[in-house]
Structure formats: structure tokens, C-alpha cells
Amino acid sequence: MLNTMGIIFAGNEELRMGELTRARSLAAMPVAGRYRLIDFILSSMVNSGITNIGLTTKFNFQSLLDHLGGGTEWDLSRKKYGLFILPPFYKSENRITESGESKIQSLYNVLHYIRRGKQDYCMLAEGNAVINTTFDEMLDFHRENHSDITVMYSKNADATASQDGCFDVAADNRIKDISPNNTQNAAKSVGFCIIDTDLLITLVESCYARGEYDFSKDIIGKNLTKLRIFGYEFNGYYRHIYDIQSYYRFSMELLNRDVRDTLFENEKKIYTKIKDMVPARYQSNAKVSNSFIADGCIIDGEVNNSVLFRAVEVRKGSKINNCIIMQNGKVLENSVLNAVIMDKNVVIGSGKTLVSEPTFPIVIGKNRVI
Amino acid sequence: MAKECIAMLLAGGQGSRLGVLTKGVAKPAVQFGAKYRIIDFVLTNCAHSGIDTVGVLTQYKPLLLNTYIGSGKSWDLDRLNGGVYVLPPYMQETSGEWYKGTANAIYQNMEFIEQFDPEYVLVLSGDHIYKMNYAKMLDYHIDKNADVTIAYINVPIKEASRFGILQIDGEGKIIEFNEKPKVPKSDCASMGIYIFNWRELRKQLIRDEADQSSSNDFGKNVIPSMLGQGKALYGYGFSGYWKDVGTVESLYDANMDLLDSGEIGLYDADWQIFSRSPLRPPHFLDRNASVTDSYVTEGCYIDGKVAHSIISDGVVIAKNAAVKDSIIMTDCKIGENAVVNKAIIASGTVIARGATIGTNCDATPQYRSNYCTGGITLIGENLTIGEGVEVGCNCMVTSDIKEEK
């Protein structure tokens, strides 16, 4: 897919993650023990052969920059194209819509970058989708249908729609309408679309000039008859991470072997930043089951149904159930935790009890000591 | 640009005493401690010591080593000026030959060294597990105004005859050097780590090469000869963890040291051991898993019992399987109800359901091997040990064993 450029929106939807996105953009959210959310879409694009990828950011993008660096680990540190991190560019006349800066504004801000690319197609994607796929077939579909815009959707009952909502898809795969119908079987937007680059530039310019900032309504919705807009169904595993519950639910799904295999035991690797860590160390009192454990952990307590990121320490006598513990988390002796999400560097002292229900996990912010 | 000091890492040895473990790879590429390879420790030392130019001299089965080292990025050795270079033997105009000995290997790469116009050359071998700051040794070398400085470590006197033994005066000057003496005169064992003044080394290498009777080895020829010529040779004492991993048993012991003493200090934040990551997801312990006193790394799936073992990436250990006191290398599969006891299983091998390794010690006398001592069983890479097969202790298996019908 050398003829396609990728644009990833790394910060357009993060209002519902509370404490977890206070210090980082949603795309930089740590997931699955050693990854960040952005790794999924970035790796999927790289594995599709897209080599020119721009990343629009909004705010709090420091951790995203730390993570991505020059893009080497995604094979995107290149002489020709590669990874471009596009910082926000605020102008006084920029209006902020109620839901924060929109995709259209982000695109308008990076039009210089889009124009510079020589690719005929542009793939737009949100940075908070969990997916491992390639887009070659979607591009074939786009070409065969002489489509102007092809949106990807999923009918998976457990998936939720991206901020673009749901679609009414006709038998010939044309999008008939933006659908308010967000039921289980609806065609839910995955938040990815392929669009002809020249058309994208024209649409963004005209929307921006009119102050129309809603991508779904103003670019898809208003052009359903004027343009050939098609829906492409994705049948595989896709999750949209948008709030604490969806993050927690996905993390717990990782305890399911099929989900892990689909995402990771695949020739299409999910790339991420490499940090050299000692292998995980189990000590003599360790009792660990049904858990996903990253390198660098030191475990001497009990851990069940949990995801432990790198270098987490669980001391003797502690019991961890249904928890997500991010990098460098420490649980000292004899503490009991159930349904807790610990952000990075959190320390739980000895003899503490933090118990909640998986339907409403407790979130402990970065660097806190309890 | 001239360099103060560059390193030449001798990584060509076959490591024949490691038996089937070095069937497909050179010794420095043998896996160690779940996610490392032996050579990681030396390359890590270079990186942390500020040595940014390293020539890796390969000869035996270099393919995996070449791929593993790659651009050197994993050890911060991908540099604009310098970096890591893999140096196999090559043809000259008139002839070409294999590296005859350690000194000859450096001799054949003098042109490589000249490119960097170094003041000093650090000669290293790729078969020890240790952490050492070579910058400190270089300071000592400069301070002593030495022609060559040899790092040594005090060893138990009864083991001393396995090493090159230095006798040192009160100033640190070497007064005698004996390669593997029958009756050692001291317990100062050469670690095979030398810092030479490059100009002096160059002269010595040319001289040694011209000597038809020399076996072109540093320990046997060059060092004793320099001592005879009255050159300034100094010993640099090292204390800390240092382990030769040249035999199956010593490799096994060094792995177990990680679990038992942790003396090497893997968790030292200022001296992280760098390695090339296989980029796999975290490992998963399923509902029936029980893992204690062990190291486990990425990509593993464990539903069985693991005690006091080292588990490399991508290993699968099925329900009711039991692994104890063992080293399981990359992508091995241990089937249901299989038992693995005090064994080293090389990468990609399948131990089928119900097979037992190292439990019934007297089993399979036909596989007993001199390579395997101390009750250790060694199974080669990419093999299949069939369902219910028993393999005894001190055995080395180099081909598939089919289940008994």
C-alpha cells in the first residue's frame, strides 16, 4: 500500500478516561502489559505496507512522543517518508467545538503535510482502536467500487462504535445514512476510512471555511448522494477504547486465549517500544493463575485474573484479583486488591484493602502512594 | 576520527564442550537466563563502559550471531562513527585462511583496527557471564603506563590449573605467566581480557605471525613472549561475579545462580543487561499453572507446574506437566503430564505428552554423554521426544526419540 498515506488521530477522544488520560493522550494509554493503544493501528498500517504516516496530536502528547521516538521500532525511521508527529497548531481563529477539537480541525491543521505526500489515497484512523489487521483488501475494495470514501465498520456485538457512530449500509455496500441505531447488530464505525487524497483536501478546506467540524455529519453525512461512499465490513476482533469501562473490559478479554492469539500470535506483529527488562521473577510464595504477566515483574503473592505490566512487584501475602497494574506498580505485603486499575508507579502499602467490583473498577492515578 | 580504545571480541569459538547446544550456533550465541545470549553480557559491558567500537570476530556458525547482532542497536552500538562490526575471516590477494588462534584472529584484522587509529585495543572473549567496567581497567592501564594489562580474578587454587595463571608483584606487575599450569603458583586467573597499547600489539602480532612454531594464541604465545622481552605487563584485579560457561554443567550452574544467588545483579538500573528483544506479548499463566522460584519471559503460555527453572520466550507448558530445576529455551513445547527434571532443553524442541526427562536416572544409558555431568540431561534443538519416552540423567539427545509402541 505504498500509494496510501496514513493519518492517525492521536488525541480526539479522551474526555471519558478520567484520571488515566490526565497525563497522556488516549492513544498513549498503556495496554496489554507492554503496549500502548497507538501500537495497534500503527502496526496494522506498517504491516499493510503504509510507510508515510502522520500522527495528529492535541494535548498531553509528551508520553506519546516518548513512546514513539523516531519510529524505529515500527520500522518508520526512514529516509523516504516514515513517521511524522504533527503537533497541534492553534490559531486565534480556531474555534473549539463542544466535544473538543474535531478531526476536521486536526486535518486542516496538517493539510501542509497531506499535500506534501505523493500518495493517491489517504487512510484516516483513530488512535484508540484495538485491532490487528491489514488494509490491502479494503483498498482493493475501495478501488473496485470506484469509491470516493470507504469507511470500515464492524457488526461484532461486543464492539462499540467509534465517534463516527453507526451506518446504514445498503446491499451494494453503499452507505445510505448515518444511523442513530447503535444496537448490537448495527454497522458500527471502526473509525477508519480510506479517501482519495485530493478529495480529502477539498472537503476539509470547504468544511473548515464553513465552520463545519463534524467529520461524520459534515463529510460523510452531507455527501452520501454526491459522493460514492461505501462501507467495508471488518469481521475480526475490534475494540474501541473510550472510557474506563471499555478499557477494563478489553483488558479482561486478554485473559481469553482466542483474543490474545488473534492480537499477538500472528505473523503480523504488534510493534512497540522496546525496553530491556529482566524476565518475570516468580518467588517461592507466588501463586499466579489466569493472568497476563510482563517482563520485569517480581511476584511473591497471589495474582488471579489480572494484567501486570512491566516491573510490577507483588509482595508476599498480598492477593490481587481482577486488577490491571501498570508499569512499576508495587503492592507491598498483605494487601488485598480486587478490581483495581493502578496507573504507572503506584505503590500500595502493606496491609491495605481496596475492593471493588469489575463493573466499577477503582482507578488510582499515576505516581500515587496509598 | 581516532578512537582512544576499541574492542575486539573473539566470538569464533565453537564451544565444543557445550555438546549439542553449539550444533547450530557459536558459543556466544547460546541462550542464557531466559532472554539473553552469552554475548549480551560482554556487549552490555562495552556499552556501559563507553566503548563504542567493537569488532566481533566470528568463524564458527556465524549466521545466527550475525543476525542477532544486526546493526548493534540493541546494545546502543549503532553509531555514526564506530559501532559494532562482524568480522569473519576473509580472502587476501594470494591466500585466505581461517583464524588459527586468538592472536592470529586479531592479526588478520589489523587493517580494521587501523581504520580507527586507536591508542588502545581491548581484547575480549564472548564466553563469560560477568559485568565489568572496562573504562576503569583502561584508567589503570594508562596509570601504570603498561604495554598490556590482563584482568584477573582469584579462583579456588584447586581449579587454578584450568586457567592462565599470573604471578604479580606488589605493584601489580606481572612477573610470571603460565598457561594452564599443572602446579599453579598463585590463584590469580587470567580472565582472557587484555588491554594492549595498539602500537605495541601491532608489533607483537607481526612478530608472532612470523614465528612458525607459534600457535598464534595470546595466552600460550604472545603474553609469555612479551614477558620474555621485558615489556610492562600488569594485572588488573577484578572481584565480582564471573562465570565461565564453557561446559554444559557450568552453563547450567550459571543459569541456576540467577535464581539462587542473583549475584550477577540483573536488576542494577545503572547496568541493565541489554539484549535483542524477540518482541512478543507478555506471558500468560493459565488456571492450572503454578510457577515458583523461576524466571519466565515473554510469549510463554503455562498451564503446568514450574519450579526453580528458567523459561525462555514462547515456551508452552501444558496442563499437568511438571518442570523442575530446568532450563527451557525458546519455543519449546512441554506436553501434558510430561516431566522435565534438571534438564536443558534447547530451542524449538517438543517433549510430548507423558514423556519424562531426567526422572528415571538409569533410563537410556545409550544417550549417556561425557558432555553432561552433574546429573544434567541435555536435549538438542528442534527435536521431538515422543509420548511417554523416558530419558535418563547425564544424557545428551541429538536426534528425535519416537514413542515406544
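The values are calculated or read from the model by the stated rules, or taken from the named source; none is laboratory data. Because the structure is predicted, anything quoted here is derived from the model rather than measured. Don't worry about glycine lacking a Cβ; one is built from the backbone with ideal geometry, like all the others, and counts go over all protein chains shown.
Restricting the first member to segment B:263-287 and to residues that are more than 7 Å from chain A (Cβ to nearest Cβ), and the second to residues that are in a loop (DSSP other than H, G, I, E, B) and of a type in the set (S, T, N, Q), the beta-carbon pairs closer than 8 Å and six or more apart or on different chains are B:Pro278/B:Thr330.
Taking segment A:291-330 and the strands (runs of 3 or more DSSP E) fully enclosed by it, the elements with 1 or more residues that are away from chain B (no Cβ under 12 Å) are at A:319-321. Selection of segment A:313-344 for residues being farther than 19 Å from A:Tyr282 by Cα and either among the small types (Gly, Ala, Ser) or surrounded by fewer than 16 Cβ atoms within 10 Å (Cβ to Cβ) (or both) yields only A:Ala339. Across segment B:299-328, which residue is farthest from A:Asp276 (Cα to Cα) among those that are in contact with a Gly (Cβ under 8 Å, 6 or more places away or on another chain) and in contact (Cβ under 8 Å) with a residue 40 or more places away in the chain? Per the criteria, the residue is B:Ile310. Look at segment A:252-265: where a residue is at the interface with chain B (Cβ under 8 Å from one of its Cβ atoms) and a partner is aliphatic (A, V, I, L, M), sitting 6+ places away or on another chain with Cβ atoms under 7 Å, you get A:Arg260/A:Leu254; A:Leu263/A:Ile270; A:Phe264/A:Ile270.
Contact annotation: residue pairs with Cβ atoms under 9 Å, 6 or more positions apart or on different chains, pairing a residue in segment A:129-146 that is under 30 Å from A:Phe250 (Cα atoms) with a partner that is of a type in the set (Lys, Arg), are A:Ala129/A:Arg239; A:Val130/A:Arg239; A:Ile131/A:Arg239; A:Asn132/A:Lys268; A:Asn132/A:Lys269; A:Thr133/A:Lys268; A:Thr134/A:Lys268.
Residues in segment A:266-279 that are out of contact with any Leu (no Cβ under 8 Å at 6 or more places or on another chain) and more than 20 Å from B:Trp271 (Cβ to Cβ) were compared, and the one that is nearest to the other protein chains (Cβ to nearest Cβ) is A:Asn266.
Residues satisfying the criterion are absent from segment A:151-164 (criterion: assigned to a helix (DSSP H, G or I) and not basic (Lys, Arg)). Against the test of being facing chain A (nearest Cβ under 10 Å), of a type outside the set (Asp, Glu) and assigned to a strand (DSSP E or B), the options B:Val340, B:Val291 yield a single qualifying residue, B:Val291.
Can you say whether B:Asn341 is modelled with pLDDT of 95 or more and in contact with a Ser or Thr (Cβ under 6 Å, 6 or more places away or on another chain), as far as the supplied structure shows? Yes. Within segment A:344-367, residues that are part of a strand (DSSP E or B) have Cβ atoms under 9 Å from residues that are charged (D, E, K, R) in these pairs: A:Val347/A:Lys330; A:Val347/A:Arg368; A:Ile348/A:Lys330; A:Val363/A:Glu19; A:Val363/A:Asp343; A:Ile364/A:Glu19; A:Ile364/A:Asp343, counting only partners at least 6 apart in sequence or on another chain.
A quick yes/no check of all residues on (1) at pLDDT 95 or above; (2) under 23 Å from the mean Cα position of the chain (by Cα); (3) surrounded by 14 or more Cβ atoms within 10 Å (Cβ to Cβ):
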| site | (1), (2), (3) |
| --- | --- |
| B:Ser74 | no, yes, yes |
| B:Leu77 | no, yes, yes |
| B:Gly82 | no, no, yes |
| B:Met91 | no, no, no |
| B:Ser95 | no, no, no |
| B:Trp98 | no, yes, no |
| B:Gly101 | no, yes, yes |
| B:Ala105 | no, yes, yes |
| B:Tyr120 | yes, no, yes |
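Of all residues in segment A:273-290, those that are crowded, with 23+ Cβ neighbours inside 10 Å and assigned to a strand (DSSP E or B) total 4.
Contact map, segment A:1-23: first residue under 14 Å from A:Gly54 (Cβ atoms), second residue part of a loop (DSSP other than H, G, I, E, B) and at pLDDT below 85, Cβ cut-off under 6 Å, separation 6 or more or different chains; pairs are A:Ala10/A:Ser25; A:Ala10/A:Thr57; A:Gly11/A:Ser25; A:Gly11/A:Thr57; A:Gly11/A:Lys58.
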